[in-house]
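The values are calculated or read from the model by the stated rules, or taken from the named source; none is laboratory data. This is a predicted model, so every value here is computed, not measured. When we count neighbours, we look across all protein chains shown, and the Cβ atoms used for this are built from the backbone with ideal geometry, even at glycine.
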Amino acid sequence: MNGVKEVVVVALGGNAFQSKGDKGTVEEYWRNAYTSAEFIARLIGEGYGVVVTHGNGPQVGIIAEWMMAGLKEKNLPPMSLDIAGAMSQGWLGYLLQQALYNKLMEKNLMGKVVKGVVTIVTQTLVDKNDPAFKDPTKYIGPWYEKEEAEKLAKEFGWVFKPDPRGGYRRVVASPDPVRQIEIDAIRRLVDDGFVVIADGGGGIPVYFDDNGKLRGVEAVIDKDLGAERMAAAVGADILLILTDVEKVYLNHGKPDAKPIDQMTASEALKYYKEGHFKPGSMGPKVLAGVRFVQNGGKLAIIAHLSQAYEAIKGNAGTRIVPG
Ligand code: ADP
Ligand code: MG
């Protein structure tokens, strides 16, 4: 990007919008969006180029609940999961877009350092032969009694599995992201000095059908793996994954848990294979960090959202470096 010292892709976790103890009110969403916007504007003020992405797990769950209530009370058919993903990109993108605009104005950076803030509804290509489609593992939406789950399965072709915490829940596949369909537009906007918010929720999963046409698919992409694809494609220097733990741990949750300050990609992969990072939470973050530095990135950082600034300065979080 023109004149910036380094490009950072910031991946915001679930706690960036709904933190522990929040009810999920509009006020809370705005308050949380401004917390992230303050940090991002500060980075921009220091001369970094920034691309933002975010998770959407809790929000897609909420959209699914709304749809179910609509179905029960008003007989309104639920939308498909790709449409729910697009809704969540608009919802969260709007919050960040407005909060960032206001913060950049406040800091006198808008129009001087950046040209604007824009959210891109992003479709992310997946392989329709990805083995993940044969074994859907990702739980989404509300919990149901067995009978109701069977009824919904029949009516909408959904797959349900018993949830370890009780009841039945819809499960969908979580295929690996290949690339963002809108990546050229994203790259151009970044290069031209816009702050881009893109690939929300890992991107809307799409594939090319037998006629070469794009189609949405009922799946969810992991946002950290999606963030890596985008970071590599825009030639970012740093992938900063912000979550709700201060560091990545070995033996997480056990008495001998040990925080990691820095690891090389090969050390990280070794720990990954030994099972130190749980699938669906820390696993994809570490894998995204490893892939990023293997694909030419300089540094991946996993840190707590509240320590984002310290982390970029090298004083917090866990760093994954090439090697
Ligand atoms: P996000 O919304 O930020 O993606 P996740 O819940 O997916 O958040 O991932 C963060 C969680 O990963 C932490 O809250 C922690 O409980 C869990 N976790 C699993 N394994 C580890 C580990 N080895 N070190 C640190 N946290 C871990
Ligand atoms: Mg996650």
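Within the stretch 153-162, restricting attention to residues that are touching a Pro at 6+ places or on another chain (Cβ under 9 Å) and not in a strand (DSSP E or B), the residue that is modelled with the highest pLDDT is Val159.
Please go through the stretch 285-312 and pick out each residue that is among the charged types (D, E, K, R) and either crowded, with 18+ Cβ neighbours inside 10 Å or modelled with pLDDT under 95 (or both). Please lay out each step first, then the result.
Taking the stretch 285-312 as the starting set, the residues that turn out to be among the charged types (D, E, K, R) are 285, 291, 298, 310.
Within the stretch 285-312, Lys285, Arg291 qualify.
Would you check which residues across the stretch 307-321 are in contact (Cβ under 8 Å) with a residue 60 or more places away in the chain and either among the polar types (S, T, N, Q) or out of contact with any strand residue (DSSP E or B) (no Cβ under 6 Å at 6 or more places or on another chain) (or both) and list them? Walk me through it before giving the result.
Our first condition is that a residue be in contact (Cβ under 8 Å) with a residue 60 or more places away in the chain; within the stretch 307-321, this holds for 307-309, 311-312, 316-318.
Matches in the stretch 307-321: Gln307, Tyr309, Ile312, Thr318.
Pairs meeting the criteria (first residue in the stretch 255-282 and within 18 Å of Ala303 (Cα to Cα) and more than 13 Å from ligand 1 (Cβ to nearest atom), second residue of a type in the set (Phe, Trp, Tyr) and part of a helix (DSSP H, G or I), beta carbons under 9 Å, at least 6 apart or on different chains) are Ala265/Phe292. Criterion applied to Arg215, Arg229 was being away from ligand 1 (no atom under 11 Å from the Cβ), surrounded by 17 or more Cβ atoms within 10 Å (Cβ to Cβ) and among the charged types (D, E, K, R), and the one residue passing it is Arg229.
Just name the residue that is nearest to ligand 2 (Cβ to nearest atom) out of those in the stretch 45-75 that are crowded, with 23+ Cβ neighbours inside 10 Å and among the β-branched types (Val, Ile, Thr).
If we filter the stretch 45-75 for residues that are crowded, with 23+ Cβ neighbours inside 10 Å, which is where we start, we get 49-56, 59.
Narrowing the set further to residues that are among the β-branched types (Val, Ile, Thr) leaves 50-53.
Working: Val50: 20, Val51: 18, Val52: 16, Thr53: 12 Å.
Residue satisfying both the conditions and the ranking: Thr53.
Looking across Ala236, Ala232, one residue alone is of a type in the set (A, V, I, L, M, F, W, C), in contact with a Phe, Trp or Tyr (Cβ under 7 Å, 6 or more places away or on another chain), within 22 Å of Val293 (Cα to Cα) and modelled with pLDDT of 95 or more. It is Ala232.
In this structure, is Gly212 of a type outside the set (A, V, I, L, M, F, W, C) and under 15 Å from the mean Cα position of the chain (by Cα)? No: the conditions fail for Gly212.
Every residue, every condition in (1) β-branched (Val, Ile, Thr); (2) touching a strand residue (DSSP E or B) at 6+ places or on another chain (Cβ under 7 Å); (3) within 21 Å of Pro58 (Cα to Cα), yes or no:
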site: Leu81; (1), (2), (3): no, yes, yes
site: Gly85; (1), (2), (3): no, yes, yes
site: Leu100; (1), (2), (3): no, yes, no
site: Gly111; (1), (2), (3): no, no, no
site: Val117; (1), (2), (3): yes, yes, no
site: Thr122; (1), (2), (3): yes, yes, yes
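Of a type in the set (A, V, I, L, M), in contact with a strand residue (DSSP E or B) (Cβ under 6 Å, 6 or more places away or on another chain) and modelled with pLDDT of 95 or more: does that describe Ile204? Working first, answer last.
Values: of a type in the set (A, V, I, L, M): yes; in contact with a strand residue (DSSP E or B) (Cβ under 6 Å, 6 or more places away or on another chain): yes; modelled with pLDDT of 95 or more: yes.
Here the answer is yes, as Ile204 does meet what is asked.
The single residue among Arg165, Arg187, Arg169, Arg179 that is without any contact (Cβ under 8 Å) to a residue 40 or more places away in the chain and not in a loop (DSSP other than H, G, I, E, B) turns out to be Arg169. Here Ala236 meets each of (1) touching a Ser or Thr at 6+ places or on another chain (Cβ under 9 Å); (2) surrounded by 24 or more Cβ atoms within 10 Å (Cβ to Cβ) with one exception, condition (1).
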